[in-house]
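Notes for the one structure printed next.
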Amino acid sequence: MTEWAYPLAESLLSEPLPRRWAHSQGVAARARTIASVLGSDADLMEAAAVLHDIGYAPDLAKTGFHPMDGARYLRHVAHADERVVRLVAHHSCAWMEAEARGLRDELEEEFPRERPHLADALCYCDMNTTPDGTPTNPVDRVNEIAGRYGPDSLIGTFIRRAEPEILASTARVIERLSAAKRQPT
């Protein structure tokens, strides 16, 4: 899956949104670091990671809600694997932002959620990556997002509301990684 995902994400993000492209590459790099706990879904996760923010691309932004815009493009134009589509649609607690935008019912009717451990993994990758693509931690990432958009903005309010779930999601991935390391080889 990654063979088509990288060129697609690059074509949509690299020129109009180079920082978003750097972030997406960093999120994909985080996905590679947790491949050991993803098994046969590792390639799926890396593809979803590099594609998760394509909905910000100017040509794709229709609703202003990037998870939905990106997922619609992946489904209707790129004809992507449905699991990638669903992961992009629901990445990093997107349902909470959708709710704030009055789009939650539409999001959930159009895009069923992917398995929870995969949603956790994509959230972990996204929330452990700065806007420039370098590693960070979820607390600093949430603070960065709130600061960039403003605490009273829709995004600032959403990210603070989502923070407990983001932290729980990333903690579940860390626990899976720790459990895998404790397993005898």
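Here is a check on your reading of the model: is Thr170 modelled with pLDDT of 95 or more and crowded, with 16+ Cβ neighbours inside 10 Å?
yes
Could you tell me which residue of region 13-23 is surrounded by the fewest Cβ atoms within 10 Å (Cβ to Cβ), considering only residues that are free of Cβ contacts under 8 Å to residues at least 60 places away in the same chain and in a helix (DSSP H, G or I)?
For region 13-23, the residue satisfying everything is Pro18.
Yes or no: His52 crowded, with 23+ Cβ neighbours inside 10 Å, closer than 21 Å to Ala146 by Cα and touching a Phe, Trp or Tyr at 6+ places or on another chain (Cβ under 9 Å)?
no
Give the residues of region 64-94 that are open to solvent by 40 Å² or more (accessible area, probe 1.4 Å) and out of contact with any Gly (no Cβ under 9 Å at 6 or more places or on another chain), sorted by residue number. Walk me through it before giving the result.
Taking region 64-94 as the starting set, the residues that turn out to be open to solvent by 40 Å² or more (accessible area, probe 1.4 Å) are 64, 72-73, 75-77, 79, 81-83, 86.
Across region 64-94, the qualifying residues are Gly64, Arg75, His76, Val77, His79, Asp81, Glu82, Arg83, Arg86.
Could you tell me whether region 138-153 includes any residue that is open to solvent by less than 20 Å² (accessible area, probe 1.4 Å), of a type outside the set (A, V, I, L, M, F, W, C), free of Cβ contacts under 8 Å to residues at least 24 places away in the same chain and more than 25 Å from Ala35 (Cβ to Cβ)?
Looking through region 138-153, at least one residue is open to solvent by less than 20 Å² (accessible area, probe 1.4 Å), of a type outside the set (A, V, I, L, M, F, W, C), free of Cβ contacts under 8 Å to residues at least 24 places away in the same chain and more than 25 Å from Ala35 (Cβ to Cβ).
Enumerate the pairs (first residue in region 99-124 and without any contact (Cβ under 8 Å) to a residue 12 or more places away in the chain; second residue anywhere and buried (at least 16 other Cβ atoms within 10 Å of the Cβ) and not charged (D, E, K, R)) with beta-carbon separation below 9 Å, excluding pairs fewer than 6 apart on the same chain, so at least 6 apart or on different chains.
Once the first residue is without any contact (Cβ under 8 Å) to a residue 12 or more places away in the chain and sits in region 99-124, its partners that are buried (at least 16 other Cβ atoms within 10 Å of the Cβ) and not charged (D, E, K, R) give Glu99/Leu107; Glu99/Phe158; Arg104/Trp95; Arg104/Met96; Arg104/Ala98; Asp105/Ala98; Pro116/Ser169.
Could you look through region 104-137, keep only residues that are open to solvent by less than 20 Å² (accessible area, probe 1.4 Å) and more than 14 Å from the chain's Cα centre (by Cα), and pick out the one that is nearest to Leu38 (Cα to Cα)?
Across region 104-137, the extreme among qualifying residues is Phe111.
The values are calculated or read from the model by the stated rules, or taken from the named source; none is laboratory data. Small disclaimer: the values here were computed from a predicted structure and weren't measured. Please note: Cβ atoms are built from the backbone with ideal geometry, for glycine as well, and neighbour counts cover all protein chains shown. Note: accessible area is taken over every heavy atom of the protein model, side chains too, but ligands, DNA and RNA are not part of it. Shrake-Rupley method; radii C 1.70, N 1.55, O 1.52, S 1.80 Å.
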